[in-house]
Amino acid sequence: MHIPDGFINLPTSAGFGAAAIGGVWYSIRRAARFLDDRRIPLAGLVAAFVFAAQMVNFPVAVGTTGHFLGGVLAAVLVGPWLGALALTVVLVVQGVFFADGGLSALGLNVFNMAVVGTLGGWLLYRGLIALLPKTRPATVAAAGVAAGVAVALAAMAFVLEYAIGGAGGASVGTVAAAMGGVHALIGIGEGLITALVVGAVLATRPDLVAEAPKMEVMAHG
Amino acid sequence: MDRRLWWFLGSGLAVALIVAGVLSGFAASDPDGLERVAIDEGFDETADEHPLADSPLADYAVEGVEDERLSTGLAGVIGVAITVVVAGGFFYGIRLYGKARRSREPT
């Protein structure tokens, strides 16, 4: 999912980079309103966990792998603004220290994964939460489904970028179909991992899940 | 901060270190979704070499460590440490910024 330099031309990269900066700046402004000593280490832990989990590619089809994105997980655990900023930190660290994701493409990657994949995925999660009963299983399911769809959304953001300024002259329609198909599979893995982690944290420290709804039915005991 | 929160943070960090330090060595190595699409649609050749491709941690391997799994795992542990420091510094800065803003415009 990390775009290298060269796939997308510089003007398009700069445009989406500006949009990414806007999203990051807005997230900083929102996070600054409530960030306290307790949430700093939690958000740092979320960033570290997302970095770690993104290293573990799993096979999704013959000769193709996918890896966890983590935007919705981060948004559900520490809220959308700190979640988007955590993803941004991960992408910067990957691009600068690990040569993963290009440097001129950093704005594209932040736009796709921190803005679309995290803030967009969080909106989906909120929509699902509003429709579902306020129970732990429903919350876990909402997080999982939103996370899976968020991967497809981030993939479609790449297709948009490719349509505007992509190199190599591939047909946008076939790129869209191929990106959608493979990321639907990766989304299933994303949804399962997100549901697993959100479920585990809700079971042990529900008070640390920033975006958990007020539960109608309390947990056992 | 209460002790239970430190427990949570400590176990969470331990999980991250195990995932990045051990599990990463067993990750599948085939191209990821975007790389696969780029290969199939014939635009993978348009990728430029990463400007920092020669850096000591490029591609999640520690320069000079021959054993592949050890190299990946070591890079993962270093990456978790870098992420914690960068994220911690960034979020602490945002907290200071928020404090300064609140003291300027009391609500």
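What follows is calculated from the coordinates using simple rules that are stated; it is not laboratory data. Quick caveat, the model's predicted, so the values are computed rather than measured. Neighbour counts run over all protein chains shown; Cβ positions are idealised from the backbone, glycine included.
When Lys and Arg each count +1 and Asp and Glu each count -1, what net charge do the other residues less than 11 Å away from A:Gly168, Cβ to Cβ, add up to?
Value of the local net charge: -3.
Which FRET efficiency, nearest 0.05, do B:Tyr97 and B:Arg3 yield, Cβ-Cβ r, R0 22 Å?
That gives a FRET efficiency of 0.15.
What is the dipole size for region A:10-208, taken about its Cα centre, with +1 at each Lys and Arg Cβ and -1 at each Asp and Glu Cβ, in debye to the nearest 20?
540 debye
Can you find, among A:Leu91, A:Gly127, A:Gly169, the residue sitting farthest towards the positive end of the charge dipole of region A:10-208, where Lys and Arg contribute +1 and Asp and Glu -1 at Cβ?
A:Gly127
Compute the orientation-averaged projected area for chain B from the convex hull of its Cα atoms and round it to one decimal in nm². Let's see the in-between values first.
Working: hull surface 46.6 nm².
Convex hull of Cα atoms, orientation-averaged projection: 11.7 nm².
Using label points projected 7 Å from each Cα along Cα→Cβ, tell me how many nm separate A:Met215 and A:Thr174, to one decimal.
Simple spin-label model gives 5.1 nm for this pair.
Using the alpha carbon gyration tensor of region A:117-221, what are the three equivalent-ellipsoid semi-axes (square root of 5 times each eigenvalue), largest first, in whole Å?
Largest first, region A:117-221 gives 34, 12, 10 Å.
Tell me the label-point distance for the pair B:Asp67, A:Val62, using the 7 Å Cα-to-Cβ offset, in nm and rounded to one decimal.
The answer from the label model is 3.5 nm.
Once R0 is set to 25 Å, what does the formula 1/(1 + (r/R0)^6) return for the Cβ-Cβ distance between B:Ile18 and A:Thr135, expressed as a FRET efficiency to the nearest 0.05?
The formula returns an efficiency of 0.25 here.
Between A:Leu10 and B:Arg104, what's the calculated FRET efficiency when r is the beta-carbon distance and R0 is 41 Å? Round to 0.05.
Rounded to the nearest 0.05, the efficiency is 0.60.
Can you list residues whose amide H is under 5 Å from A:Thr65's amide H, if they're 5+ apart or on another chain and H is modeled 1.01 Å from N?
The answer is A:Val60, B:Asp32, B:Gly33.
Restricting attention to the alpha-carbon atoms of the protein assembly as shown, what are Rg (one decimal) and Dmax (integer), both in Å?
19.2, 61
Select from A:Leu82, A:Asn109, A:Met156 the residue farthest towards the positive end of the dipole of region A:81-221; place +1 on Cβ of Lys and Arg, -1 on Cβ of Asp and Glu, and compute about the Cα centre.
The residue sitting farthest along the positive end of the dipole is A:Leu82.
Filter the DSSP H helices in chain B by two things, a Kyte-Doolittle mean of at least -0.5 and an axial alpha-carbon span of 18 angstrom or more, and list the hits by number.
B:3-21, B:68-104
Just from its helices, what would the mean residue ellipticity at 222 nm be for chain B, if runs of 4 or more DSSP H residues each count -39500 (n - 2.57) and the sum is divided by every residue, rounded to the nearest 500 deg cm²/dmol?
Details: 3 runs with 64 residues, N = 107.
Per the formula, -21000 deg cm²/dmol.
With a 10 Å radius around each residue's Cβ, average the other Cβ atoms per peptide and rank A:75-85, B:75-85, highest first.
The densest-packed peptide leads the list: A:75-85, B:75-85.
Can you give the helix-only mean residue ellipticity at 222 nm for chain A, where every DSSP H stretch with n ≥ 4 adds -39500 (n - 2.57) and the sum goes over all residues, rounded to the nearest 500 deg cm²/dmol?
-22000 deg cm²/dmol
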